[in-house]
Amino acid sequence: MKLKIFFSNNQKAVKITPEIKKLLRHAISTALDYEKFDKNAEVSVSFVSNEEIRSLNRDYRNVDRETDVLSFPMYEGDDDIDVYSDSAVLGDIIISAEKAVAQAAEYGHSVERELAFLAVHSTLHLLGYDHETSPEDEADMFYRQEEILKLAGIPRREGTK
């Protein structure tokens, strides 16, 4: 599997270094491997401000508040990924860098770990998982993301959320 990630940065809270891009590429790639996604994949990852993510959340989800990450999958419901193609554009990941900084402090881990977590969480959404549909779906998705982060070498530290 070959993974193309298109990064864009429209915020000032976090300096998006080559190391952060490499970490997110590794986290997303590990998520795709864990889910046995064997096609070439394209994903865009955008870093935005709280103001911008609030606007997107309001416009696309009718929720007028900031959030940490939004996922815009290319395929939803009956729109299955083309099984005859060897490549798939999975969709867009939008991360509020400001929210990531705040959550990292709240949870007692690094901003890098929080960004990786948000990337994995959003990648699972791009693949069709949804934690808001039922308690079982929430437990399944949260289990998967923790397993993926462990496999990627980015586990949660003991005593953190």
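The table below lists the values:
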quantity: Subset of the range 118-135 (residues that are part of a helix (DSSP H, G or I) and in contact (Cβ under 8 Å) with a residue 40 or more places away in the chain); calculated: LEU118, ALA119, VAL120, HIS121, SER122, THR123, LEU124, HIS125, LEU126
quantity: So ASP92, is it touching a Ser or Thr at 6+ places or on another chain (Cβ under 8 Å), of a type outside the set (A, V, I, L, M) and touching a residue at least 40 places away in the same chain (Cβ under 8 Å); calculated: yes
quantity: In the range 107-135, residue surrounded by the fewest Cβ atoms within 10 Å (Cβ to Cβ) [restricted to those that are among the charged types (D, E, K, R) and either within 16 Å of HIS26 (Cα to Cα) or at pLDDT 95 or above (or both)]; calculated: GLU112
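The values are calculated or read from the model by the stated rules, or taken from the named source; none is laboratory data. Remember, it's a predicted structure, so these values are computed and weren't measured experimentally. Here Cβ is always computed from backbone atoms with ideal geometry, including for glycine, and neighbour counts include all displayed protein chains.
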